[in-house]
Amino acid sequence: MSTWYPQVAEKKGRVARIISYLKAHPLLCLLILSPGIPEYLSGSSNMAFLVLSPPVFFLFLAANLALYGPGVILIREAKIHWNKGWASVFLLGAAYGIVEEGLALRTLFNPTSSVVGNLGVYGHWLGVNWVWTVGLVIFHSVFSIGLPIFIFGLAFPDLKSKSLVSITGIRLSILTLAIDCILLSLLVNYWPAEIWGLLLLSSIVVALLVVAAKKLPADFLKTVRAEPRWRPRAFFLLGAAFFPIWLLAGGFAASASLFPPVIVVFDIVVSLWILRLVFRSMGTKLNQAHKVAFAFGLVSPIMIFGIAASASFPLVMMNDVLVILFSKKMWTKWKAWTFTQHYSLMQGLPKLGGDGSSMP
């Protein structure tokens, strides 16, 4: 799989200047993607505070950066230092989801949390909101961790296998994440009698996921195909189907009072099936446009959900516009690069009756 960045002439404009700045500061780009996608694009963190109360907005922004930033940095560094593939990233992303939502924010356990809704009643057993937990852990694994790293690799292909922080940076990331988790847990203030046992079991699960990620073969999700199986549109549709499937499944199951373990198994099986299908079908070359299509497909329902959640405050549209422009820029460049590669390959094919000696 090529790691060349497509050299395509582009007009200099505001978006181009923003992208140039991000190219000069790649770590900042990674930190914008997470929490940008799961929090601000989805409307989970209210952009209205930017106008109504800027100090509150920046306070929440700092808390989000201290939570998501170290998580995505540490998992990306683990992928590089351990020489692992995407399956390990998703396992580590699941571990991060438990750390954030279980150890810090306690939404995995608190049935009365405002963000949990009726999933605090439906599927709540032994102190755990099981349907909410499985869905949210999958969400964080894919959208908070996997997708930012995936998009970063498309935007900065020459940095895809390079560390962004030193050992000191890794230690500071661990410390920052730990402090932020402690402060958030104190702010949430959910301390029922069984919480210590739940926190201990959660910590054990996190440790097991980390060990499993380190031992999992690097080629677990790796394709054996040379070129993608389908056109980019198919990968866009698969990405676009990912978020609505388990989101709607949880809501439907709760309203229909289905047996909760059924929806838990459904969420896990369908998520694994889509991810495996995509990565097994992506191919190893001439696939960058397909990757952009898949990434934008994953993001599209999040954008729609965010617009619906923040319809009364149009400022959230700014995030969507930036994502669309950024995706269009990557699509244009990688599409042009793929065309030139196909053209070069065709130029190297032997003519009719030739001996094939010029075949690359």
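The values are calculated or read from the model by the stated rules, or taken from the named source; none is laboratory data. For clarity, every value in this text was computed on a predicted model and none was experimentally measured. All Cβ positions, even for glycine, are placed from backbone atoms using ideal geometry, and neighbour counts span all protein chains on display.
How about region 85-128: which of its residues are among the aromatic types (Phe, Trp, Tyr) and not in a helix (DSSP H, G or I)? Don't jump to the end; show me each part of the working.
Here is the first cut: in region 85-128, the ones among the aromatic types (Phe, Trp, Tyr) are 86, 90, 96, 109, 122, 125.
Phe109, Tyr122, Trp125, listed by residue number.
Can you find even one residue in region 223-230 that is over 18 Å from Ser141 (Cβ atoms), assigned to a loop (DSSP other than H, G, I, E, B) and of a type in the set (Lys, Arg)? Even if it seems obvious, please write down each step before you answer.
The first filter runs over region 223-230 and keeps only residues over 18 Å from Ser141 (Cβ atoms), leaving 223-230.
Subsequent filtering for residues that are assigned to a loop (DSSP other than H, G, I, E, B) retains 223-230.
Still in the list and also of a type in the set (Lys, Arg): 225, 229.
Yes: one or more hits.
What pairs can you find where one residue is in region 213-224 and touching a residue at least 12 places away in the same chain (Cβ under 8 Å), the other is aromatic (Phe, Trp, Tyr) and not in a loop (DSSP other than H, G, I, E, B), and their Cβ atoms are less than 7 Å apart, with a gap of 6+ or different chains?
Leu221/Trp86; Leu221/Phe279; Thr223/Phe279
For region 6-22, state whether one or more residues are closer than 16 Å to Gly153 by Cβ, of a type outside the set (Asp, Glu), at pLDDT below 75 and more than 19 Å from the chain's Cα centre (by Cα).
yes
Please verify whether region 174-193 includes one or more residues that are surrounded by fewer than 17 Cβ atoms within 10 Å (Cβ to Cβ) and within 27 Å of Asn287 (Cβ to Cβ).
No, region 174-193 contains no residue that is surrounded by fewer than 17 Cβ atoms within 10 Å (Cβ to Cβ) and within 27 Å of Asn287 (Cβ to Cβ).
In this structure, does Val131 turn out to be at pLDDT below 95, under 24 Å from Gly306 (Cα atoms) and crowded, with 23+ Cβ neighbours inside 10 Å?
Working: at pLDDT below 95: yes; under 24 Å from Gly306 (Cα atoms): yes; crowded, with 23+ Cβ neighbours inside 10 Å: yes.
Considered against the rule, which asks whether it is at pLDDT below 95, under 24 Å from Gly306 (Cα atoms) and crowded, with 23+ Cβ neighbours inside 10 Å, Val131 comes out as yes.
Determine, yes or no, whether Thr168 is under 30 Å from Ser300 (Cα atoms) and among the hydroxyl-bearing types (Ser, Thr, Tyr).
Details: under 30 Å from Ser300 (Cα atoms): no; among the hydroxyl-bearing types (Ser, Thr, Tyr): yes.
Spelling it out, it is not the case that Thr168 is under 30 Å from Ser300 (Cα atoms) and among the hydroxyl-bearing types (Ser, Thr, Tyr).
Within region 23-42, take every residue that is free of Cβ contacts under 8 Å to residues at least 60 places away in the same chain and in a helix (DSSP H, G or I) and give me the one that is farthest from Leu59 (Cα to Cα). Break it down stepwise before answering.
First, pick out the residues of region 23-42 that are free of Cβ contacts under 8 Å to residues at least 60 places away in the same chain: 24-25, 28, 31-32, 39.
So of that shortlist, the ones also in a helix (DSSP H, G or I) come out as 24, 28, 31-32, 39.
On the way: Ala24: 26, Leu28: 18, Leu31: 16, Ile32: 16, Glu39: 14 Å.
My answer is Ala24.
Can you pull out every residue in region 175-222 that is closer than 18 Å to Lys79 by Cα, outside any loop (DSSP other than H, G, I, E, B) and over 20 Å from the mean Cα position of the chain (by Cα)? Walk me through it before giving the result.
First pass over region 175-222, keeping only residues closer than 18 Å to Lys79 by Cα: 206-222.
Still in the running and outside any loop (DSSP other than H, G, I, E, B): 206-215.
Matches in region 175-222: Ala207, Leu208, Val211, Lys215.
Residue check: is Ala78 of a type in the set (Gly, Ala, Ser), surrounded by fewer than 21 Cβ atoms within 10 Å (Cβ to Cβ), touching a residue at least 60 places away in the same chain (Cβ under 8 Å) and in contact with a Lys or Arg (Cβ under 8 Å, 6 or more places away or on another chain)?
Details: of a type in the set (Gly, Ala, Ser): yes; surrounded by fewer than 21 Cβ atoms within 10 Å (Cβ to Cβ): yes; touching a residue at least 60 places away in the same chain (Cβ under 8 Å): yes; in contact with a Lys or Arg (Cβ under 8 Å, 6 or more places away or on another chain): yes.
Answer is yes for this residue.
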